[in-house]
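Peer 1: One structure follows; several queries about it will come next.
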Amino acid sequence: MIRIRLNITVLLITLLTASVAGSKEITVCSTCGVTTIAQALAESSDGDVIILKPGIYKEHSLTVANRIELRADEGAVLDADKKGPGITIKHDSVRIAGLTIRNVDVSYINDLSAVMVDNVSGCVIERNVIEDTFFAIYLAGSSMCKVEGNRIQGQAKTESSSGNGIHLWKCSAMYVADNQITGHRDGIYLEFVSSSSIRGNYSGRNLRYGLHFMFSDSNSYSGNTFENNGAGVAVMYSKFIKMTGNTFKNNWGESAYGLLLKELYDGLLEDNLFFRNTAAIHVEGSNRIEIVRNDFIENGWALYLLGNSYENKVTANNFINNTFDVSSNSSRNNNFYSENYWDKYKGYDLNRDGTGDVPYRPVSLFSVILEKSPESIIMLRSVAVDILDAIERVIPSVIPETLIDDRPKFTRYSNDRDKGTS
């Protein structure tokens, strides 16, 4: 038995060595034997490495059908010249690195992209620069791929004529990290994606959402920055989502949010910074979300929970300089608030244990009035509004009576996230 196993091991090593030995490097340049990427791909076999030397390659609609590595030197540019898509990957374990791809035209029929990853696994798209394309990186029906360290710059003018920066459809176990995405419809878009990690990306100045995903369960989003997007970030129709250590800032507009949660279940929002958004978090039809240890600073609405959201827990957060800390369209409270720091809290701490001795009611009367009569915004910060709010807190009659923080903290929670508020 041992001899059989040994023979099998020797055979596998021999086959692997033969495979590696059979691989070759194909160099592409204007004065080389191979002058185009298409020619290099046609001559390549599994295990080969294609090296692109500096130059502009006016090519489009390229297909990778072998397990190869396409490695570009600085200054190597694939220019699709508005004639079609860039590269389509149709084989497992392909790597594309260091390439600049530009000028993929808009199409209202096909999802033209700089890089299309089509029903494969184990591919790596890293350290590329993608400029002026419809879709930049599009992954469909794929798994265990890595999209890392790419710089993606679009020139979107309208939503209908622009695609997404990084688009994932029906994928699993994906890793999307340290990319910079600007100027697209959505920076990062996911639909029917599971068990994937989105980490350390910057997504800003996109027409619609910095991050937009639907029907995508068991994913995690950490350490990302979403800034100056048209409508912020939208997380919809999903469950078992973790969003930790992200920054949502400067997402302003009539229908803009730092984060929109719509029909999200059993999620975690922890250690995030919400800074200067129209509404930091807007929660609609979402249940059992833990909102813990976040900073809400200088937002219009820090937390807006519709009445159809249940069993959400809001604990140990900082609410600082927001126009409205908590608002709702319901006179009932179906959620739990405790041990948050509220800068508007006027209570006292006689035993000096760091917890206020009287509960805090974070919903103001004026926010209820504003919900029913938006035109009353002209009264914001008037003395009359302050008086009404003070009376309502003493003798509540309009705001939800059970919406209270039973253990408000007397001092804010300390952290180093304030450096992001600039």
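None of the figures in this text is laboratory data; all of them are computed from the coordinates on show. Treat the numbers as computed from the prediction; the structure is a model and nothing was measured. Ideal geometry is used to build each Cβ from the backbone, glycine not excepted, and the neighbour counts take in all protein chains shown.
Peer 1: For a test of the definition: using alpha carbon positions, the gyration tensor, and the 1.5 limit on a/c, classify the stretch 216-285 as rounded, prolate or oblate.
Peer 2: Verdict is oblate for the stretch 216-285.
Peer 1: Could you sort 129-137, 151-159 so that the peptide with the highest average Cβ count within 10 Å comes first and the rest follow in order?
Peer 2: Output ranking for 129-137, 151-159: 129-137, 151-159.
Peer 1: What order, most packed first, do the peptides 263-275, 103-115 have when packing is the mean number of other Cβ atoms within 10 Å of each residue?
Peer 2: Per-residue mean Cβ counts within 10 Å order the peptides as 263-275, 103-115.
Peer 1: For residue 192 and residue 315 in the same chain, what is the full-extension length gain: residue separation times 0.36 nm, less their Cα-Cα distance, in nm?
Peer 2: That pair, residue 192 and residue 315, stretches by 41.2 nm at full extension.
Peer 1: Also: If you add up the charges near residue 188, with Lys and Arg at +1 and Asp and Glu at -1, over every other residue whose beta carbon is less than 15 angstrom from its beta carbon, what do you get?
Peer 2: With Lys, Arg at +1 and Asp, Glu at -1, the neighbours total +1.
Peer 1: Treating cross-link reach as a plain straight distance, find the aspartates and glutamates whose alpha-carbon is under 16 Å from the alpha-carbon of residue 58, omitting any fewer than eight places away in the same chain.
Peer 2: By straight Cα distance, residue 58 reaches 79, 81, 105, 131, 132.
Peer 1: Which entries in 146/313; 83/146; 24/170 show an alpha-carbon gap greater than 32 Å?
Peer 2: Exceeds cut-off: 146/313; 24/170.
Peer 1: Work out how much length residue 73 to residue 31 would gain on full extension: take 0.36 nm times their residue separation and subtract the Cα-Cα distance, in nm to one decimal.
Peer 2: 13.6 nm
Peer 1: What is the distance, in nm, between label points placed 7 Å from the Cα along the Cα-to-Cβ direction at residue 336 and at residue 107?
Peer 2: 5.2 nm
Peer 1: Let me ask something additional. Local charge sum around residue 237 (other residues, Cβ-Cβ under 14 Å, Lys/Arg +1, Asp/Glu -1)? All intermediate terms of the calculation are to be shown ahead of the outcome.
Peer 2: Values: positive: 239, 262; negative: 191, 217, 263, 266, 284.
Result for the local shell: -3.
Peer 1: Between beta-carbons, use under 9 Å as the cut-off and find the net charge around residue 228, counting Lys and Arg +1, Asp and Glu -1.
Peer 2: +1
Peer 1: How many nm is it between the label spots at residue 298 and residue 348, if each spot is 7 Å from the Cα in line with the beta carbon?
Peer 2: So the two model labels end up 3.4 nm from each other.
Peer 1: Using alpha carbon centroids, what distance separates the stretch 290-335 and the stretch 118-186, in Å?
Peer 2: 33 Å
Peer 1: Just list whichever of 82/262; 239/346; 82/157 have alpha carbons separated by over 27 Å in the model shown.
Peer 2: Flagged as over cut-off: 82/262; 239/346.
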